[in-house]
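Single-structure report; data block below.
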Amino acid sequence: MQSKTLIFGHRGYPKQFPENSLAGFRYALAHGIEGLEFDVHLTRDQVPMIMHDEKINRTTDDKGFIQDYSLSELRQVHLKNGESIPTLAEFLTLVGNSSVQLNLEFKTDQIQYPDIERIVFAMLKEMTLNKPVIFSSFHLPTLERCQQLAPNEIYCWLTKMNVPNPNQFLIDHHLAGLHLKHYQSDMTGTQRIWTVNRRGPAIKLFKQQVAGIFTDDFVQMMQIRDQTM
Ligand code: G3P
Ligand code: MG
């Protein structure tokens, strides 16, 4: 039996809405999104915020590093649609108990926000989210710190590189899977691929039965998968 590839909205629905915006997440949830991927940083006062870059320059009307702003200062900053940068708490409130599969990416490869793992886990506990979250990061030590705090969660390492002996790598690092830029045919464990926006590569990955893809256009990718598989 073919197993269905789960489609994740990469930073929400950036084809139609600002990336990592509540408007994009809201639309995706209302239109049958299966998975949502989003990126997390910390403010100066240690509030988890959802944004891709370390700096707010590209996606907002202001500039500088997120880690140099307090939450109240960031509330004066606007995304391209006029919204504020979402906090993790706002995002989790929006998602509520919908059936969407969440993938929280710790954006710790450039800046290692001290204590980000503990702060995020405390928030998830406080919000009593009743669903499993996939945690990912390019920064392996972040995942190792997470594993010490919460050993039973789902952890996936993000990498742009080919991973030699990927199945053994999962065992050695107690990982549930790899989130890869390029499909690996030598892997039997869970792999998800980013960022898939073209029809041809998507169909190939659906046929290879990868566990998931991350896409900027989940509407199109769901149509392609459901028409071809
Ligand atoms: O998690 C998949 C993908 O989001 C990783 O790359 O740079 O878009 O966060 P990036
Ligand atoms: Mg990401």
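The values are calculated or read from the model by the stated rules, or taken from the named source; none is laboratory data. This is a predicted model, so every value here is computed, not measured. Reconstructed Cβ throughout: ideal geometry from the backbone, glycine too, with neighbour counts over all protein chains shown.
Summary of computed values
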item: Long-range neighbours under 9 Å by Cβ, at least six apart or interchain, first residue within 16 Å of G32 (Cα to Cα) within the stretch 1-18, second at pLDDT below 95; result: K4/M229; T5/M229
item: Cβ pairs under 8 Å, 6+ apart, first in the stretch 193-206 and touching a residue at least 60 places away in the same chain (Cβ under 8 Å), second more than 14 Å from ligand 1 (Cβ to nearest atom) and in a helix (DSSP H, G or I); result: F206/I224; F206/R225; F206/T228
item: Unique residue being more than 15 Å from the chain's Cα centre (by Cα), modelled with pLDDT of 95 or more, of a type outside the set (G, A, S) and under 18 Å from W194 (Cα atoms) when the list is K15, K55; result: K15
item: Residue satisfying all of: in the stretch 104-134; buried (at least 17 other Cβ atoms within 10 Å of the Cβ) and part of a loop (DSSP other than H, G, I, E, B); nearest to ligand 2 (Cβ to nearest atom) among these; result: K107
item: Flag if G64 is small (G, A, S), over 26 Å from K207 (Cα atoms) and surrounded by fewer than 19 Cβ atoms within 10 Å (Cβ to Cβ); result: yes
item: T188 within 14 Å of the chain's Cα centre (by Cα), surrounded by fewer than 17 Cβ atoms within 10 Å (Cβ to Cβ) and among the β-branched types (V, I, T); result: no
item: Any hit, the stretch 210-220, residues being more than 16 Å from ligand 2 (Cβ to nearest atom), not in a loop (DSSP other than H, G, I, E, B) and not β-branched (V, I, T); result: yes
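Conditions (1) of a type outside the set (S, T, N, Q); (2) buried (at least 16 other Cβ atoms within 10 Å of the Cβ); (3) out of contact with any helix residue (DSSP H, G or I) (no Cβ under 9 Å at 6 or more places or on another chain); (4) on the phi > 0 side of the Ramachandran plot, marked per residue:
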position	(1), (2), (3), (4)
K181	yes, no, yes, no
Q184	no, yes, no, no
F206	yes, yes, no, no
D226	yes, no, yes, no
